[in-house]
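The values are calculated or read from the model by the stated rules, or taken from the named source; none is laboratory data. The shown structure was predicted, so the numbers you read here are calculated from the model rather than taken from an experiment. Here the Cβ positions follow ideal geometry from the backbone for every residue, glycine too, while neighbour counts run over all protein chains shown. Accessible surface is based on the protein model in full, side chains and every heavy atom, while ligands, DNA and RNA are left aside. Shrake-Rupley method; radii C 1.70, N 1.55, O 1.52, S 1.80 Å.
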Amino acid sequence: MQKNYFDHNATTAIDKKVLGVMMPYMEMQQGNPTSQHSFGRHARTAIEEAREQVALAIHAHPSEVIFTSGGTEANNMIVHGAAIKQRKSMLVRSDIEHPCVARPMEALKHQGWKQALLNVSQDGVVTKETYKNISAENISLVSVMLANNETGAIQDMALLHDFAKEKKALSHTDAVQAFGKMDVRFDELHIDAMTLSSHKIYGPQGVGALILNKRSDIEPLIYGGGQEKNLRSGTENIAAIIGFGKACELISESMKTTSTHTLELQKILEVHLKDLGAVIFSEKVARLNNTTFFAFKDIEGSTLLTALDKKGFAIASGSACSSVNKEPSHVLLAMGIDEDLARGALRISFGKKNSVTEVKDFIEALKIELQTLKQLTAIAA
Amino acid sequence: MIKDKARKPIYLDYSSTTPIDARVAEKMIPFITEHFGNPASRSHSFGWTAEEAVEEARDEVAKLVNADPREIVWTSGATESNNLAIKGASHFYSTKGKHILTVATEHKCVIDSFRELEREGYTATYLEPEPNGLVDLEKFKKAIRPDTVLASVMFVNNEIGVIQDIEALGNVCREQKVIFHVDAAQATGKVDIDLEKLPVDLMSFSAHKTYGPKGIGALYVRRKPRIRIEAQMHGGGHERGMRSGTLATHQIVGMGEAFRIARIEMQLENERIRKLRDKLLHGLQDMEEVYVNGDLKHRIAHNLNISFNYVEGESLIMAVKDIAVSSGSACTSASLEPSYVLRALGRSDELAHSSIRFSIGRFTTEADVDFTIQLLKEKIYKLRELSPLWDMFKDGIDISKVEWAAH
Amino acid sequence: MAYSDKVLDHYENPRNVGTLDKDDPHVGTGMVGAPACGDVMKLQIKVSDDGVIEDAKFKTYGCGSAIASSSLVTEWLKGKTLDQASEIKNSAIAEELALPPVKIHCSVLAEDAIKSAIADLKSKQGKLN
């Protein structure tokens, strides 16, 4: 069956042009970039070119780009690295951070660090008042994601910057979901560190980056051969890094077009969803143009999900990482959404190849499924 | 253009990294183009297909080392595996004690993980190997203390290729109730590994040293008796909480295929490679003042590490630019320090400086070896003609007795 | 490490490799560096009666930059007076060969070799006089 992929916040299909630049690195002799012979030097040059492509896409300096095995590692690295290096007792984050920011902070509790949470509003954003509520001093790191993976809600980075400046803390934003979907300029955000992932922007899986401004000093997470200026040891994943670089270059070119396109799809989708009685989360705040997180009251989310998958629509319930467990989305709970409603939440995230027809087909399929489910519920009742 | 440029020198640096086997690449590509799902996505078939492939690959990795697939945890590579095993187990069992034991010739990422634990308050012992590179069992035994929590010894050394007696060392650890970690990055596809028999608790693997892709590795974590580790990377709870992060499906698939091929072909391949290595050894040993570093008997077939006395290392590397080789480990060759591995064997700085590691692999031909012998003979002759030390040696002066003005 | 074309040229085709008779009163020999440091340079100059360097030879155990540095100074030394020779600075050598920062010590060593050779010559001639 024809598959309609509406789960671009989980992962994206690699762009053919990206694959094109990666192929030579998968098919022929490639050196270890640390080696001094020509194979090694060639690999080194290619990595440095990719570093420039990444830097250019987000307006950072190439020396600020540290390649990692992905967003999870970059987030772990900044949390662990800032805590250990800064030696200040407090870590601050929003209560809707991805688990790979939240869990490392929690793990550090065992080693004596304390954690303070910035509670998001009903719309899923951290407000100025929330920042004011944090009275703690001695903060190593404050981390607030740029755009949420589930709701798509965009946070005000100026507030994060002001707070970090006032507290003399390092600031970090997880931009994994935002990058490629909105304009992200590291130099203008005045944030110390930022996390990027390749496989959310039509690049390969298994690579990401921590963007760390030159003034910030952190401890590594992985020790060894001293690659990435001693901050991330391990033989570089050349093919993936080259692919990531190319994906960054492509995203810079196509971001505006894609964003306009997914906005159109999002508008069509949401008009119909509301018509069908859906609640759309974070609807009132600035949101990614591709993400719609919604629920129907009294409709079991996972049943709907399975039914829609059978009809060829790949969508998600909450984030992919936590979809293993049946717990309601922690993001929605943090927003104070009713647990039952939260349990039924579904996420649609569009990508550049989705079409209006697909969206319309989806709505038709959804109507039918809703009808069936409502009948079933009526019988059960 | 890239192809021409890259093919010209003869590649004899397989211990640094290997090319991806064409069969591996072929298997990987569909997982980049078609089956691109996130294996953690449980709500649609894109995710399921990816997950299935990931589990199939896990089976293949487990099979090569005769382990249970549930004992295999994916990581971004051997560096991460070593960090995770050493820090993760030492942290988890820290109530037992805070002494950790390794060997001075371990890979940098093992040494640096130990150094990090020392900063955290652990005490570390870096055991000196014998001059042949092997660990003395008695010395190893003596180095273990009542508060020793973990010992880490590599299976095969990356620079000199010597194979440690992992079974004997593991038995010592078992008796003393010490967690035993083995870095096997250089061992897969080169030596038989049977984790059902070997008394090893944790073992690190890399794909790109065994004709798989870079950026992927694995850690074996024994189930019976069960070994626990503290995660170093937290998040979505992937890999049963031991290692979070979206897994690169195509890379995992590549590692699985690379390890499958290794399992099937290693015996024949090792025989062929041993012949080539021996030919290279005999060819080079024709020259005067040539020293093999590390034990020749307990050694993988793929490695020859050899010092050319009275020739400086870097100029030697420049002289042999038509072959791609390493002087010391690739990971440290950016620095000007002589190889710490060779120094630990008691080699003088001069001999350590003038060492070359030849590592032979799947695509090395006999013609490559013939060319290499010829090239080395020519270049060593030329450099020795340039070398004041060679003159002195020929004049019968003992260089170690000369008083050199430090600069 | 990326070497400049000039370093590569001197390394591939070293000038004035060889040995002069160290017992000749017109020959000064300088040997600097140490095997343990990875560089040993032997530089010899032959000086005419009117104090002009008419020949220079070297042998070097060391990296490409060390070989190039010593090869280069043998070229520069010929035709110079001892005073002119002693004015050769390591910075000039480093600049000519475009040595990277980690290789500056090679040029320092070459300058030391010149000084050492001149000193040897002077001490020999002092003894003769």
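Only one of these is modelled with pLDDT of 90 or more and crowded, with 18+ Cβ neighbours inside 10 Å: C:G18, C:G30. Name it.
Details: C:G18 fails: crowded, with 18+ Cβ neighbours inside 10 Å.
After ruling out the rest, the residue left standing is C:G30.
Quick check on my filter: what residues within region A:264-295 are of a type in the set (S, T, N, Q) and open to solvent by 30 Å² or more (accessible area, probe 1.4 Å)?
Residue satisfying the conditions is A:N289 alone.
Could you tell me which residue of region B:226-250 is surrounded by the fewest Cβ atoms within 10 Å (Cβ to Cβ), considering only residues that are in a loop (DSSP other than H, G, I, E, B) and basic (K, R)?
Checking each candidate, the answer is B:R226.
Does at least one position in region C:75-89 carry a residue that is within 14 Å of chain B (Cβ to nearest Cβ) and at pLDDT 95 or above?
No, every residue in region C:75-89 fails to be within 14 Å of chain B (Cβ to nearest Cβ) and at pLDDT 95 or above.
Return only the number of the condition from (1) touching a Phe, Trp or Tyr at 6+ places or on another chain (Cβ under 6 Å); (2) in a loop (DSSP other than H, G, I, E, B) that B:V182 does not satisfy.
Unmet condition: (2).
From the list B:L84, B:L64, which residue is open to solvent by 10 Å² or more (accessible area, probe 1.4 Å), aliphatic (A, V, I, L, M) and modelled with pLDDT of 95 or more?
Only one candidate qualifies: B:L64.
Check region C:2-15 and report whether any residue there is open to solvent by 50 Å² or more (accessible area, probe 1.4 Å), touching a Pro at 6+ places or on another chain (Cβ under 9 Å) and either modelled with pLDDT under 95 or of a type outside the set (G, A, S) (or both).
Yes.
Would you mind stating whether B:K209 is open to solvent by 20 Å² or more (accessible area, probe 1.4 Å), more than 30 Å from B:F393 (Cα to Cα), outside any helix (DSSP H, G or I) and in contact (Cβ under 8 Å) with a residue 12 or more places away in the chain?
Yes; evaluated as a whole, the condition is true for this residue.
Give the residues of region A:296-316 that are within 14 Å of chain B (Cβ to nearest Cβ) and open to solvent by 20 Å² or more (accessible area, probe 1.4 Å), sorted by residue number.
Listed by number, the residues that qualify are A:E300, A:S302, A:T303, A:T306, A:A307, A:K310, A:K311.
Taking interchain pairs and intrachain pairs at least six residues apart, which have beta carbon atoms under 8 angstrom, with the first residue in region A:135-148 and open to solvent by 10 Å² or more (accessible area, probe 1.4 Å) and the second of a type in the set (S, T, Y)?
From residues that are open to solvent by 10 Å² or more (accessible area, probe 1.4 Å), the pairs are A:N138/A:S89.
Considering B:P146, B:P129, which residue is open to solvent by 60 Å² or more (accessible area, probe 1.4 Å) and either modelled with pLDDT of 95 or more or within 17 Å of the chain's Cα centre (by Cα) (or both)?
B:P146
Please find, among B:E106, B:E116, B:E80, the residue that is touching a residue at least 40 places away in the same chain (Cβ under 8 Å), within 8 Å of chain A (Cβ to nearest Cβ) and not in a strand (DSSP E or B).
B:E80
C:G62 versus (1) modelled with pLDDT of 95 or more; (2) surrounded by 22 or more Cβ atoms within 10 Å (Cβ to Cβ); (3) not acidic (D, E): which is the lone unmet condition?
Among (1) modelled with pLDDT of 95 or more; (2) surrounded by 22 or more Cβ atoms within 10 Å (Cβ to Cβ); (3) not acidic (D, E), the lone unmet condition for C:G62 is (1).
Would you mind stating whether A:E236 is out of contact with any helix residue (DSSP H, G or I) (no Cβ under 9 Å at 6 or more places or on another chain) and part of a loop (DSSP other than H, G, I, E, B)? Spell out the reasoning first.
Values: out of contact with any helix residue (DSSP H, G or I) (no Cβ under 9 Å at 6 or more places or on another chain): no; part of a loop (DSSP other than H, G, I, E, B): yes.
Against the criterion (out of contact with any helix residue (DSSP H, G or I) (no Cβ under 9 Å at 6 or more places or on another chain) and part of a loop (DSSP other than H, G, I, E, B)), A:E236 does not qualify.
Any chance region B:35-54 includes a residue that's more than 14 Å from every other protein chain (Cβ to nearest Cβ) and without any contact (Cβ under 8 Å) to a residue 12 or more places away in the chain?
Scanning region B:35-54, I find at least one residue that is more than 14 Å from every other protein chain (Cβ to nearest Cβ) and without any contact (Cβ under 8 Å) to a residue 12 or more places away in the chain, so the answer is yes.
So which pairs qualify, if the first residue must be in region B:246-261 and facing chain A (nearest Cβ under 7 Å) and closer than 17 Å to B:T18 by Cβ, the second must be open to solvent by less than 10 Å² (accessible area, probe 1.4 Å) and part of a helix (DSSP H, G or I), the Cβ gap must be under 9 Å, and the two must be at least 6 apart or on different chains?
From region B:246-261, the pairs are B:Q251/A:A240; B:Q251/B:M28.
Going residue by residue through region B:152-160, is there one that turns out to be touching a residue at least 60 places away in the same chain (Cβ under 8 Å), more than 14 Å from chain A (Cβ to nearest Cβ), surrounded by fewer than 19 Cβ atoms within 10 Å (Cβ to Cβ) and not basic (K, R)?
No, because not a single residue in region B:152-160 is touching a residue at least 60 places away in the same chain (Cβ under 8 Å), more than 14 Å from chain A (Cβ to nearest Cβ), surrounded by fewer than 19 Cβ atoms within 10 Å (Cβ to Cβ) and not basic (K, R).
Among strands (runs of 3 or more DSSP E) lying entirely in region A:25-142, which contain 3 or more residues that are within 14 Å of chain B (Cβ to nearest Cβ), farther than 21 Å from A:F163 by Cα and modelled with pLDDT of 95 or more?
Values: elements: A:65-68, A:90-94, A:114-118.
The qualifying strands (runs of 3 or more DSSP E) are A:65-68.
Quick grid of which residues meet (1) under 14 Å from B:S76 (Cβ atoms); (2) open to solvent by less than 10 Å² (accessible area, probe 1.4 Å); (3) within 12 Å of chain B (Cβ to nearest Cβ); (4) assigned to a loop (DSSP other than H, G, I, E, B):
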residue	(1), (2), (3), (4)
A:Y202	no, no, yes, yes
A:K214	no, no, no, yes
A:G225	yes, no, yes, yes
A:I241	yes, yes, yes, no
